[in-house]
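Below you'll find the structure, written out as C-alpha cells, and then a few comments.
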Amino acid sequence: MTQHESAPEDEPRVNGSANASGGSAPSDSVAAGDATTPAAQWDPLEERREPHPASAPTAAPTAEDPLSAQIDASLAQPDPLALRPRTSSVVLCVVFGVVFLGIAAAVYWLGVHTVDGQSYEDLAIMNFADTMPAWLSFGNLKSGLVIGVSLAFGAAAMLVAAARKRWWLLGQLAVFAAVAFAAAKLLKPLLPRPLLVHVESSVNNSAPSGHTMLAAAAGLMLLAAVPRAWRACAAVLSTVFTSIVGVSVIYDRWHRPVDVVMSVCIAGACMMFTLACTRASGMDRTGSRASSPSVQIAATALITLGLCAIAYGTYVLWQVFPGLQYASAWAAPGACAAATAMVVGFAGLVNGMVLMMRQITAAPLTRLGLIGEPPAPPRKASP
C-alpha cells in the first residue's frame, strides 16, 4: 500500500485519538461543573436580551419654585397703590400746579405792568357791555346769588365726601377752600398796580377776582368729591358756572379780564397741589375702581375746547395789537371778544386738567385690576 492509499485509514485514527484526548477534557469539565454550577449553553438563534436598567427614583421636591415663592410673597404684601397714587401722578399734579401759578403770574404781569396790557384791559372793561351780546350779562348776576350758589356747591361737595366716608378727602377739601379764600383776600391788597397810562376804569388793583375765585373753587371741590360716575358731569357744570361768573363780572365792570383769568388759574393750581396730597381715604375704594369713558371724553373735550379758545383769543389780540397802544376804538370789539374767549378757555382747560388728574389719583390700577370681583361663570341657556 502506498502512502496515498493509507491516508484515509489514518484519518479515523487521528479523529479517534482527538476524540479520545479531546473528549476526556469536556467530561472532566462537566463533571467538575456538576459539582458546582451547570455550564451555560449558548444558542446562536436565541435573541439577545438586554437587562432593563432600574428606573431611578424621583426625588421629592424639597423647596418651592423661587418665582412662585416670590409671587406669593409679593401678593401677600399690601398693595401700595391701594394707599396712595403713583409717584408719577403726584409729580404731574405738582408740575401742573406750578404751571398754573406761572400762567397766573405771567397774565398779571402782562396785563398790569405793561402799557399795552393796561390799554387792553381798559378797552375791554369799558366797552364790554356795549359791544358783546346782552345775554352775556346772564341777567346781571347779583353778588349774593354768586356767593349762594358757590356755597351750595361747596357744601354739597363736603356732604358727598362725608357720605362716601372719604375722610382724607374731606380734610383735603377743607384745606383747599381755606387756601383759595385766603389767596383771594390776601393777594388783592398786596399786589401793586402801577399807573402806566390814562385809564377810564378804577386805578385800584382788582386782581384776583374774589367772585370768580369762589365760583371756580366751589366747582372744583364738587368735581373732586363726587364718585367716578358723576365726575364728568361735575366738570362740565363747574366749567359752565365758572365761565358765567367770569364773563358776568367783566360785563358788570366789577373786574378786568386779567383778574378773572388769574383767579381761575390760582384755583386750578391750589386744586392740583391738593390732589398731590391724596391718600387712602381720599381715593376710590379698590373694589369700585374702573376706567371711565365719560371722564376720558369730557376731559379731552374740555382741554381741547380750552386750548382752542385760548389760541383764538391770542390770535384776536395779535390782530388788534396795533390799536391797543393808542386805545383805538376799532380795537374794542376785538379786545372784548378776546376777553370772552380767554375766560371760557381757561375755565375749560383748568377743569379738564383737574378732571384728568382726579381720575388718575383716585383710581390707579392695582395688582387686582381695575375691577375688584372676578367675572361670574357663564350660565347654561334654558331650553
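The phi-based Karplus calculation (6.51 cos²θ - 1.76 cosθ + 1.60; θ = phi - 60°) puts the 3J(HN,Hα) values of segment 112-128 at 10, 9, 10, 5, 5, x, 5, 5, 5, 4, 5, 4, 5, 6, 7, 10, 5 Hz, whole numbers, x for Gly and Pro. Its alpha carbons give segment 83-362 an Rg and a Dmax of 18.7, 62 Å.
Sorted on the mean count of surrounding Cβ atoms within 10 Å across their residues, most packed first, peptides 235-244, 318-327 read 235-244, 318-327.
Would you mind computing, in nm to one decimal, how far apart the modelled labels at L196 and V95 are, each placed 7 Å from Cα along Cα→Cβ? Output for this residue pair reads 3.2 nm. Between S137 and T114, residue separation times 0.36 nm minus the direct Cα-Cα distance comes to 5.4 nm. The calculated FRET efficiency for the pair A162 and L307, based on their C-beta separation and a Förster distance of 35 Å, comes to about 0.45. Normalised by the number of residues in segment 83-362, the mean separation of alpha-carbon contacts (under 8 Å, six or more apart) gives a relative contact order of 32 percent.
Entry note: segment 251-306 has Rg to Rh equal to 1.13, where both radii use alpha-carbon atoms and Rh is the Kirkwood radius.
Bear in mind that the values in this text are calculations on the coordinates, not laboratory data. Note that this is a predicted model, so its numbers are computed, not measured. Cβ coordinates were reconstructed from backbone atoms using ideal geometry, including for glycine residues, and neighbour counts include every protein chain displayed.
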